[in-house]
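The values are calculated or read from the model by the stated rules, or taken from the named source; none is laboratory data. All of these numbers come straight from a predicted model, not from anything done at the bench. Here the Cβ is made from the backbone with ideal geometry for all residues, glycine too, and neighbour counts use every protein chain on show. Note: areas computed on protein heavy atoms with side chains; ligands, DNA, RNA excluded. Shrake-Rupley method; radii C 1.70, N 1.55, O 1.52, S 1.80 Å.
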Amino acid sequence: MVRIIGITLAYFITGLLSLQLAIPPGYAAPVWPAAGIGLAVILLYGNRIWPGVFLGSFFVNVFTSFDPSSVHTILGSLFVPICIGGGAVFQALFGAFLIRRFAGFPTSLNNLSNVFRIMALGGPVGCLVNSSVGVTSLVLAGTLPLDNVIQNWWNWYLGDFIGVIIVI
């Protein structure tokens, strides 16, 4: 339980700091180290630690978008953070699965080939998940206009990718 709280706080704090660089509507940041934290903790502590990733992502995004003006807006304000939190979890689990399966993690990282495989599977491949889930949820919630989808998806993807590379 202590690890889950620590992971939640680490994800939340790095997420809030990263959002200072976000483009409107405030979800896609050019660097998102929290994605790397999510992947790293799943790799190090196992899949059972996923609630910390979910809660950290959820709280960052609730903080960004919560609107308590009516029951309808409260429910709408929770939809996007729940989707993005789920996407963050699935991204971390998917990246960890790929790394364990194809790079042989845990490894001593003394082989350059393994290091590149870990970076490629956790970064460019694994980060396809939450950029897709997050942008789709923003469109479904009516927060992101369709003409901004590609730009936001690309920025989200790059932010997660860079965050994973930095942390891993």
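Within the chain, which complete DSSP H helices have Cα atoms spanning at least 30 Å along the helix axis and a mean Kyte-Doolittle hydropathy of -0.5 or higher?
Details: long enough: 71-102 (46 Å, 1.47).
Flagged H segments are 71-102.
Annotation: amide H-H contacts under 5 Å for Ala28 (H modelled 1.01 Å from N, sequence separation of 5 or more, or interchain): Ile23.
Across the chain, C-alpha contacts under 8 Å between residues 6 or more apart give a mean separation that, scaled by the residue count, equals a relative contact order of 31 percent.
Say the dipole of the chain comes from +1 at the beta carbon of Lys and Arg and -1 at that of Asp and Glu; which of Asn148, Pro68, Ala34 then lies farthest toward its positive end? My answer, from the dipole projection, is Ala34. Structure remark: mean-square fluctuation, Gaussian network model of the chain, C-alpha springs under 10 Å; the largest value among Leu98, Leu17, Leu109 belongs to Leu109. Approximating the spin labels as points 7 Å out from Cα along Cα→Cβ, the Leu21-to-Asn111 distance works out to 3.3 nm.
Per residue, how large is the accessible surface of the range 1-76? Use a 1.4 angstrom probe and give square angstrom. Show your work: numbers first, answer last.
Details: 3930 Å² over 76 residues.
Per residue, the range 1-76 has 52 Å² of solvent-accessible surface.
When the helix-only estimate is applied to the chain (DSSP H runs of n ≥ 4, each -39,500 (n - 2.57), divided by the residue count), what is the mean residue ellipticity at 222 nm, nearest 500 deg cm²/dmol? Intermediate results must be reported in sequence, preceding the final value.
Numbers: 7 runs with 120 residues, N = 168.
Here the helix-only value at 222 nm equals -24000 deg cm²/dmol.
Taking a ≥ b ≥ c as the square roots of the Cα gyration tensor eigenvalues, the range 70-168 comes out prolate, since a/c reaches at least 1.5 and a/b is larger than b/c.
Ellipsoid semi-axes for the range 54-123, based on the Cα gyration tensor and the rule √(5λ), read 37, 9, 7 Å when sorted largest first. Approximating the spin labels as points 7 Å out from Cα along Cα→Cβ, the Val62-to-Leu44 distance works out to 2.5 nm.
May I ask you to work out the translational diffusion coefficient for the chain at 25 °C, viscosity 0.890 mPa s, via Stokes-Einstein with Rh from the Kirkwood sum over Cα pairs, reported in whole µm²/s?
Details: Rh = 15.8 Å.
The estimated diffusion coefficient comes to 156 µm²/s.
When all alpha carbon pairs of the range 16-62 are counted in 5 Å bins from zero, the resulting P(r) reads 5, 21, 27, 22, 14, 8, 2 %.
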